[in-house]
Amino acid sequence: MIYPKIEQTVQSLNIDSISVERKEVLLGLVDYLKTKIRNNEAINLNFICTHNSRRSHLSQIWAQVIANYLGINNISCYSGGTEATAMFPKVGETLSNQGFKILKLSDAQNPVYAIKFSEKEHPVICFSKTYDDTFNPTSGFGAIMTCDSANEACPMVMGAENRFPITYEDPKKFDDTPQQTEKYLERSIQIATELYFVFLEAIKA
């Protein structure tokens with residue numbers, strides 16, 4: 001059972017707000033997941049962005065949460081970048097405001113966080129890393145490209161079974177502006193909404 005505030009967020013997600021054109025972008029990932037679920041195969045997803053600092057972490061976390069909420073088992077979600085930096089603190093703050101418990105496990109330049117969404121489930125471990133880091137799967141995974149620059153820089157992701165360009169506008173452009181909090185929340189909700197649509201479609205008979 002996920003934390004009540006997160007559950008309220010998931011239940012409030014409006015998949016009807018997703019445009020027909022955007023749903024077309026998402027259907028490749030739907031089909032990939034549908035096949036995995038039908039065949040009772042392990043699902044490994046690696047969300048890839050340039051710096052593994054914002055969008056890829058939000059995607060990794062929401063994918064794990066929504067899969068759990070919908071009872072999709074045997075799934076592990078990861079994230080990575082074309083280079084490693086650090087998870088941007090505003091990501092943790094945004095998730096905390098949405099009901100997640102954020103545990104900072106190290107104070108290094110690239111901190112490690114445990115993102116808890118349930119008392120009974122393992123937390124999502126987040127830190128910035130390259131997509132081919134040893135922490136991530138090396139084969140048999142779906143690669144979801146969450147930003148245009150990573151999508152262009154990695155026309156092929158080694159070890160990936162499939163590659164899905166599902167890109168998002170970077171909330172970084174609003175850093176140090178009055179809109180920062182609003183825009184990070186907006187991006188988090190957009191990612192959650194689209195992944196909710198993806199998983200709902202994937203479990204349809």
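For this structure, a couple of remarks:
- Placing a label point 7 Å from the Cα of Thr181 along the Cα-to-Cβ direction, the residues of segment 87-130 whose backbone N falls under 19 Å of that point are 88-102.
- Each of Val30, Ala114, Tyr131 was placed along the dipole of the chain (beta-carbon charges, centred on the mean Cα), and the one lying farthest toward the positive end is Ala114.
- Note on the chain: helix-only mean residue ellipticity at 222 nm, from DSSP H runs of 4+ residues weighted -39500 (n - 2.57) and normalised by residue number, equals -12500 deg cm²/dmol.
- Probe 1.4 Å, protein heavy atoms only - accessible area per residue of the chain in square angstrom: 47
- Apportionment of accessible area to carbon and sulfur, segment 89-177, percent (1.4 Å): 50
- Cα-based Rg / Dmax (Å) for segment 159-205: 14.5, 46
- Long-range HN-HN contacts of Ser79 with modeled amide H, under 5 Å: Phe47
- Cut-off under 5 Å, modelled amide H: who pairs with Phe164 long-range: Ala143, Ile144, Met145
- In order along segment 148-160, phi translates into HN-Hα couplings of 4, 5, 5, 4, 6, 6, 10, x, 9, 10, 4, x, 6 Hz, rounded to whole numbers, per the Karplus curve 6.51 cos²θ - 1.76 cosθ + 1.60 with θ = phi - 60° and x for Gly and Pro.
- Normalised by 2.2 N^0.38 Å, where N is the number of residues, the alpha-carbon radius of gyration of segment 65-205 equals 1.07.
- Calculated from backbone phi, Karplus (6.51, -1.76, 1.60) coupling profile of segment 170-180 in Hz, x at Gly/Pro: 7, x, 4, 5, 9, 4, 6, 10, x, 8, 4
- Among Lys116, Lys101, Lys173, the largest mean-square fluctuation in a Gaussian network model of the chain (Cα springs under 10 Å) belongs to Lys173.
- Three-way shape call for segment 1-46 based on the alpha-carbon gyration tensor, with the a/c threshold at 1.5: oblate
- Just so you know, the averaged projected area of the alpha carbon convex hull for segment 1-150 sits at 9.2 nm².
The values are calculated or read from the model by the stated rules, or taken from the named source; none is laboratory data. Everything quoted here is computed from the prediction, not taken from an experiment. Cβ sites come from the backbone with ideal geometry, for glycine too, and all protein chains shown count toward neighbours. Areas reflect the complete protein model, heavy atoms only, side chains present, ligands, DNA and RNA absent. Shrake-Rupley method; radii C 1.70, N 1.55, O 1.52, S 1.80 Å.
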